[in-house]
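Participant: So that we are looking at the same thing, I have put the structure below in structure tokens.
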Amino acid sequence: MLESLPLRCFVAVAEERHFGRAAERLQIAQSALSRQIQALERALGARLLNRARRSAVTLTEAGAALLDEARLALQQIARAETTARRAARGELGRIEVGYVVSAALSGVLPRTLERFRAAHPDVQVALVPMETPRQLEALRAGLLDVGFLRPRPAYPAGVGASIVHRDSLMLAVAAGHPLARRRVTLTALAREACIVPQFDESAGFAEQLAALGARGGFEPRIAHRVRDFIAALAMAAAGYGVVLAPASLAAIHFGNIVYRNIEGYAGSVELAVAYRSSALSASAQQFVEAAVVVGGGRQAPTLQPPARDK
């Protein structure tokens with residue numbers, strides 16, 4: 001297999017037509033240059049240069065055939081070195097980013113993408129809509145690099161997270177619902193059928209609804225469990241019940257949905273950027289840093305694996 005140094009030495013001599021000038025150009029000793037050329041000739045089994053004491057060095061037929069290919073090979077090696085260095089700095093590559101819909105509607109995801117793209121235009125970002133539990137599993141399995149999700153009290157081994165947004169909670173009701181036209185109090189909610197996005201786990205908006213009921217002194221009546229907020233809003237618009245939802249969802253135009261504040265209740269939900277805290281690429285780490293800055297953080301999170309779930 002040919003190495004780059006003998007090729008560089010050969011090209012320098014072929015272009016300078018002089019061993020001394022080629023050695024000066026490469027900033028190596030002339031004797032070392034000669035040894036490299038001799039080693040290349042032995043490896044190829046052919047004489048590449050015609051050497052004469054009083055005349056310029058000339059190329060043999062084999063040398064002339066090698067010269068253009070050697071130049072191309074050195075250019076490719078230089079490109080490969082540059083590509084590797086840029087990837088190590090996070091300037092190249094591809095990252096897989098999962099997100100819940102609220103990340104897009106709140107503006108956190110678009111602003112993060114804008115900031116990241118400005119500094120890393122050559123990094124490809126693949127966006128994958130995915131609910132929180134699936135994101136956590138994908139991060140743990142290495143299928144995602146970064147995720148925008150609802151925070152959890154504990155994360156899988158090898159996954160870390162940082163809060164980047166906080167959203168107030170409001171009540172989404174059909175425009176024809178009585179609560180769309182009057183004050184929404186905690187007492188009034190005791191009689192309502194609730195629609196809850198739930199993802200086969202205890203954490204999530206069912207907990208938020210339970211906290212609201214505890215504050216109002218009633219047990220919320222969960223009438224429907226759905227897979228996401230789009231389904232919840234569609235059912236609310238059709239009169240199946242009410243939805244406790246992040247205020248950012250008001251960005252979705254549902255012609256028959258009204259958002260109302262709940263008197264005596266200041267609940268909120270958070271959005272986190274989660275990441276693989278081990279083997280995170282440079283570009284993915286810089287994407288996380290961009291998200292933290294967009295979220296108002298002053299420094300990037302420490303990328304260390306959190307404690308394993310008990």
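Participant: Give me the Kirkwood hydrodynamic radius of the range 80-229 in Å, from all C-alpha pairs, to one decimal place?
Facilitator: Values: mean 1/r = 0.0548 Å⁻¹.
For the range 80-229, inverting the mean 1/r across all distinct Cα pairs yields 18.2 Å.
Participant: Next up: Between the helical axis of 132-141 and the dominant principal axis of the chain, each derived from Cα atoms, what acute angle in degrees is found, rounded to the nearest 10?
Facilitator: Tilt relative to the chain: about 30 degrees.
Participant: OK, next. For a footprinting-style exposure proxy, rank HIS253, HIS177, HIS165 by other Cβ within 10 Å, fewest first. Before the final figure, lay out the partial values.
Facilitator: Values: HIS253 6, HIS177 21, HIS165 24.
Placing the least packed residue first, the sequence is HIS253, HIS177, HIS165.
Participant: Summing -39500 (n - 2.57) over the DSSP H runs of n ≥ 4 in the chain and dividing by its residue number, what mean residue ellipticity at 222 nm do you reach, to the nearest 500 deg cm²/dmol? List each step's numbers first, then the result.
Facilitator: On the way: 11 runs with 129 residues, N = 310.
Dividing the helical sum by the residues of the chain leaves -13000 deg cm²/dmol.
Participant: If you don't mind, another one. Just to compare against my own numbers: the Cα pair-distance distribution for the chain, 20 Å bins, whole % per bin, please.
Facilitator: All Cα pairs, binned at 20 Å, distribute as 27, 33, 20, 14, 7, 0 percent.
Participant: Report the one residue of GLY241, ALA78, PHE287 whose Cα lies farthest in the direction of the positive end of the charge dipole of the chain (charges on C-beta: Lys and Arg +1, Asp and Glu -1; origin at the Cα centre).
Facilitator: The Cα lying farthest towards the positive end belongs to ALA78.
Participant: Still on this model: How far, in nm, would the chain grow between GLU114 and ALA157 when pulled straight, counting 0.36 nm per residue and subtracting the alpha carbon separation?
Facilitator: Working: separation 43, 0.36 × 43 = 15.48 nm, distance 3.01 nm.
Full extension of this stretch gives 12.5 nm more.
Participant: So how tilted is helix 30-44 from the main axis of the chain? Cα-based, degrees 0 to 90, rounded to 10.
Facilitator: 80 degrees
Participant: Here is a further query. Could you work out the equivalent-ellipsoid semi-axes for the range 165-269, taking the square root of 5 times each eigenvalue of the Cα gyration tensor, largest first, in whole Å? Can you show the working numbers first?
Facilitator: Working: eigenvalues 60, 54, 38 Å².
So the equivalent ellipsoid measures 17, 16, 14 Å along its semi-axes.
Participant: Between 0 and 90 degrees, rounded to the nearest ten: what's the tilt of helix 61-88 against the longest Cα principal axis of the chain?
Facilitator: With both axes taken from Cα atoms, the answer is about 30 degrees.
Participant: Taking R0 as 51 Å, what's the FRET efficiency between ALA279 and ALA52 from their Cβ-Cβ distance, rounded to 0.05?
Facilitator: Details: r = 57 Å, r/R0 = 1.12.
For ALA279 and ALA52, the calculated efficiency is 0.35.
Participant: When DSSP assigns beta bridges and you keep just the ones with both residues in the chain, what percent turn out antiparallel, to the nearest 5? Show your work: numbers first, answer last.
Facilitator: Values: 23 of 39 bridges.
Roughly 60 percent of the beta bridges in the chain run antiparallel, per DSSP.
Participant: Note down the magnitude of the dipole of the chain about its Cα centre, charges +1 on Lys and Arg C-beta and -1 on Asp and Glu C-beta and zero elsewhere, to the nearest 20 debye.
Facilitator: On the way: 37 positive and 27 negative charges, 115 e Å.
Roughly 560 debye for the chain.
Participant: I'd like to know which of PRO110, VAL123, ALA214 lies farthest towards the positive end of the charge dipole of the range 109-226, counting +1 on Cβ of Lys and Arg and -1 on Cβ of Asp and Glu.
Facilitator: Selected residue: ALA214.
Participant: Separate question: Take the Cα pairs of the range 4-88, get the Kirkwood Rh, then feed it into Stokes-Einstein at 25 °C and 0.890 mPa s and tell me D in µm²/s.
Facilitator: Numbers: Rh = 13.4 Å.
Rounded to a whole number, D works out at 183 µm²/s.
Participant: Evaluate the distance, in nm, between pseudo-label points positioned 7 Å from the Cα of THR60 and of HIS253 along their respective Cα→Cβ axes.
Facilitator: Result: 7.7 nm between the two label points.
Participant: For the range 156-231 and the range 111-125, write down the distance between their C-alpha centroids in whole Å.
Facilitator: First find each Cα centre; the distance between them is then 34 Å.
Participant: How high is the relative contact order of the range 165-269, given as a whole-number percent (alpha carbon pairs under 8 Å, six or more residues apart)? Intermediate results must be reported in sequence, preceding the final value.
Facilitator: On the way: 192 pairs, mean separation 51.7, N = 105.
For the range 165-269, the relative contact order is 49 percent.
Participant: Once both labels are modelled 7 Å past Cα along the beta-carbon direction, what's the ALA175-ARG225 spacing in nm?
Facilitator: 3.3 nm
Participant: Of the options VAL57, LEU33, LEU7, report the single residue whose Cα projects farthest towards the positive end of the charge dipole of the range 4-88 (beta-carbon charges: Lys, Arg +1; Asp, Glu -1).
Facilitator: It is LEU33, whose Cα lies furthest towards the positive end.
Read the figures in this text as sums done on the coordinates, not as results from a lab. In this text, all values refer to a predicted model and were calculated from it rather than measured experimentally. Cβ: placed from backbone, ideal geometry, glycine included. Neighbour counts: every protein chain shown.
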